[in-house]
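First up is the structure itself, then whatever we jot down about it.
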Amino acid sequence: MGKAGSGLSSLRTVGTFAKRGTCSETSLCVLNRAFGDPLSDEERAAAIFAGGIMQHGYQCGLIWGAALAAGAQMYRRLGAGPKAEAGAILKARRLVASFRTLNRDNINCLEIIELDKSATSLQMIKFFILKGGVIGCFRRAAKFAKAAHGEISDNVSHNEIKANSAPVSCSALVAKRMGASEKQVTMAAGLAGGIGLSGGACGALGAALWIDGISRIKIPGGKINFNDPGATGIIERFLKAADYEFECAKIVGRSFENVDEHAGYLKSGGCSNIIDALVSGSS
């Protein structure tokens, strides 16, 4: 692999952002291309993470997109299976840490831009146009893309990746049960535990929305729409099963220290009701 930031100029990232329109799709798109593996449908579907999951204000879409790109790279290196999924989780955890460093310890969209889906059109215009919020998002994307490329490029040692038996990742499990390909399952793996076990908005929910989005895109004329009944239905089922909590740490009552702990939780039936609810509407 090339050194950090190879093939990732700030101009290219900003240009992609201006064309694609969302931070999450941009993040996955530029990183995929930096590794020579463009994935059109997967990239378009990543738009669902913009604004911290459909503008709910949780983890910045740049993180979600980068975590998916890290999973794709682990699949290219290790193929499918628990080892690649564990590697994707470790990479995602590092990506979250890197994003925190670049953004004053903040990872949530609401913390960074102080807007979510409750914002009025006037508030959106004031922030993005009058206050130059668009420029801030462009700069953030350009800086993080280079940092993310470096994190994904660095090898994870074999000592760090243990050969756990499946399931390793809640998000990978959801993707698999929804009929995703082996590559898509591995891409989704790092979303586990609120992205890399960081305790934020549920990674299993993110995986369900993303895989559902890929399916919708494949339909002629299909596109990502935050008001799509399928996507909103997934969130409604999730919230009911999760006692109306969005974040992994609040749902589970703790944060996971490592992959083994998360895998053990899944094997003991942890979050099975949430996983069942998320996949119940998939074909």
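Only the coordinates and a few stated rules stand behind these numbers; no lab work does. Note that this is a predicted model, so its numbers are computed, not measured. So basically every Cβ, Gly included, is an ideal-geometry build from the backbone, and we count neighbours across all protein chains shown.
Results, tabulated for the structure shown:
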item	result
Segment 16-146: C-alpha pair distances exceeding 23 Å, %	30 percent
Contour excess over end-to-end distance, with Cα ends at residue 40 and residue 125 and 0.36 nm allotted per residue	27.6 nm
For residue 108, residues with placed amide H under 5 Å, excluding near neighbours	60
Exposure proxy ranking, count of Cβ atoms within 10 Å, fewest first, for 219, 195	219, 195
222 nm mean residue ellipticity, helices alone, for the chain (DSSP H n ≥ 4; -39,500 (n - 2.57); rounded to 500)	-17500 deg cm²/dmol
Long-range amide H partners of residue 201 with built H, under 5 Å	59, 248
For 238, 128, 99, 138, order by how many other beta-carbon atoms lie within 10 Å, fewest first	128, 138, 238, 99
Residue exposure sequence - 243, 154 - by fewest surrounding Cβ within 10 Å	243, 154
Three-way shape label, segment 160-265, alpha-carbon gyration tensor, a/c 1.5	oblate
Distance (nanometres) between label positions extended 7 Å along Cα→Cβ at residue 255 and residue 9	3.8 nm
Shape box of segment 208-283 [Cα atoms, principal axes, largest first, Å]	42, 23, 19
Assigned charges on the beta-carbon of Lys, Arg, Asp, Glu; the chain dipole about Cα centre (debye)	800 debye
Protection proxy ranking, peptides 144-150, 224-230, 62-68, average beta carbon neighbours within 10 Å, highest first	62-68, 144-150, 224-230
Cross-link pairs beyond the 25 Å C-alpha cut-off, checked among 91/131; 117/218; 91/267; 126/250; 117/267; 146/267	91/131; 117/218; 126/250; 117/267; 146/267
For the chain, with +1 on Lys and Arg beta carbons and -1 on Asp and Glu, the positive-most of 81, 107, 258 along the dipole	107
Segment 137-199, dipole about Cα centre (Lys/Arg Cβ +1, Asp/Glu Cβ -1), debye to the nearest 20	280 debye
Approximate shape of segment 10-279 as ellipsoid semi-axes (Cα gyration tensor, √5λ), whole Å, largest first	26, 21, 18
Cα gyration tensor category, rounded, prolate or oblate, for segment 126-178 with a/c compared to 1.5	oblate
Residue 114 paired with residue 165, simple spin-label distance in nm, labels 7 Å along Cα-to-beta-carbon	5.3 nm
